[in-house]
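Structure first, commentary second.
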Amino acid sequence: MKRDISSSIEHERLALPVSRRDHIQGRLNAPITLVEYGDYECPYCGAAHPVVKAVQQALGGRLCFAFRNFPLVNMHPHAEHASEAAESAGAQERFWEMHDTLYENQDALEDEDLAEYAAALGLDARRLMAEVLSGSYHARIREDFISGVRSGVNGTPSFFINGLRYDGSYDYEPLLAALTEAGEGRRE
Amino acid sequence: MSSEKTKSGTQKQDKQLNPRGRRAVALPPGEKAPEFTLKSTPDQAVSLSDFRGQPVVLAFYPADWSPVCGDQMSLYNEVLPEFQNLGAELLGISVDGVWCHAAFARDRKLHFPLLSDFEPKSEVARAYHAYREGDGVSERALFVIDESGVVFWSYVSPIGVNPGAAGILAALEDLQNKKQQNLQPQPQHA
């Protein structure tokens with residue numbers, strides 16, 4: 001889904017604050033928090049993935065990154081199962097490994113691919129596939145999705161920096177600049 | 001609903017004025033929603049009055065197939081269960097013909113009707129003050145119409161901006177809360 005660069009005037013705040021419910025990298029009380037609403041089958045999210053990695057690298061402990069599911073399942077037929085696979089991997093403490101694998105292999109998101117990734121990551125692939133096929137994490141994925149809708153997410157990826165919608169480019173330099181600015185004056 | 005509420009999903013009416021003086025000011029809350037009957041398929045028609053007794057979300061958009069429109073309708077397609085949980089029916093409207101709508105809806109796997117404001121062209125968009133003079137298409141205008149057929153909330157987005165669904169959800173919830181308050185017995189005053 002192509003992201004709409006221009007912003008909506010309102011609803012620009014994150015409706016659901018980042019908390020322990022979220023998959024996060026970094027500390028919850030880090031001075032800078034970046035939230036991404038993404039879809040594993042969305043090519044724009046795939047393009048943003050290495051950029052997020054790079055800003056994480058650059059900001060180190062000053063950044064807390066949270067990822068929330070925003071699968072557009074009618075448009076992207078593999079997005080729901082991919083989200084389920086990431087959540088199921090999360091239940092086996094390997095959310096981020098699966099998250100990275102999915103974004104690095106967006107052209108191979110069939111169920112058999114998911115099973116293969118689970119096995120490659122040393123997960124219980126049988127359990128993961130049973131959970132994916134039964135939609136074990138549907139409620140949580142939907143909660144992520146609706147929290148995005150209520151926050152004004154209108155396409156993917158959508159980013160929020162310290163709770164405010166970020167409508168700028170998600171190329172490395174502008175994103176890093178916005179994050180750095182958001183962290184100015186904030187203690188570690 | 002008052003126009004000065006600032007809660008998410010509502011907004012000051014003056015924000016709807018276009019700084020360039022082009023964006024239409026949609027039919028405001030409190031106005032009776034103009035009745036219409038439009039084709040949803042080559043052989044089926046939908047009237048607003050078919051939905052009397054339940055809230056209706058009317059989403060005018062400029063055109064099938066343009067990237068932002070696709071995003072907006074695809075997004076609403078995903079949010080549809082929430083609209084339905086709030087008792088509401090969603091109708092998309094543009095000036096495209098029924099065959100164009102049919103192809104678009106099939107391509108995007110849309111699960112709600114797209115209405116064709118095609119003949120007389122844009123008559124309904126004009127009635128809702130959601131027509132773009134000169135461009136020949138409707139605005140990206142949203143309406144929440146209450147159970148009795150009165151506009152409860154309206155919003156016109158800049159033409160290139162997908163307005164998302166936060167405003168619609170908030171308006172539907174306000175409407176539901178208002179209905180529940182009305183159902184509760186009023187406190188007796190001595």
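Derivation of every value follows stated rules applied to the coordinates shown; laboratory data play no part. This structure is a prediction, so every number in the text was calculated from the model and none was measured. We place every Cβ from the backbone using ideal geometry, glycine too, and count neighbours over all the protein chains shown.
The alpha-carbon positions of the stretch A:9-85 define a convex hull whose volume is 124 Å³ per residue.
Relative to the longest principal axis of the Cα atoms of chain A, the long axis of helix A:172-183 makes an angle of roughly 60 degrees. Taking trypsin sites (Lys or Arg not before Pro) in DSSP loop states with no more than 16 other Cβ atoms inside 10 Å as exposed sites, chain A has its longest site-free stretch at A:28-185.
Once the gyration tensor of the Cα atoms in the stretch B:23-116 is diagonalised, the equivalent ellipsoid follows with semi-axes of 20, 16, 15 Å, ordered largest first.
The trypsin sites (Lys or Arg not before Pro) of the stretch B:105-189 meeting both criteria, a DSSP state outside H, G, I, E and B (loop) and at most 16 other C-beta atoms within 10 angstrom of the site's C-beta, are B:Lys109.
Our summary gives the stretch A:23-183 a relative contact order of 34 percent, counting only alpha carbon pairs under 8 angstrom and 6 or more residues apart. The Rg/Rh ratio for the stretch A:23-183, using Cα coordinates for both the radius of gyration and the Kirkwood hydrodynamic radius, is 0.96.
Rg/Rh for the stretch B:63-190 (Cα atoms only, Rh after Kirkwood) is 1.04.
Note on chain A: GNM, Cα springs under 10 Å; of A:Ala58, A:Ala66, A:Ala118, the largest mean-square fluctuation is that of A:Ala58.
Annotation: cysteines of chain A without a disulfide-compatible partner (Cβ-Cβ under 4.7 angstrom) are A:Cys64. Normalised by residue number, the volume inside the convex hull of the Cα atoms of the stretch A:99-183 is 139 Å³ per residue. Taking a quarter of the surface of the Cα convex hull of the protein assembly as shown gives a mean projected area of 22.5 nm².
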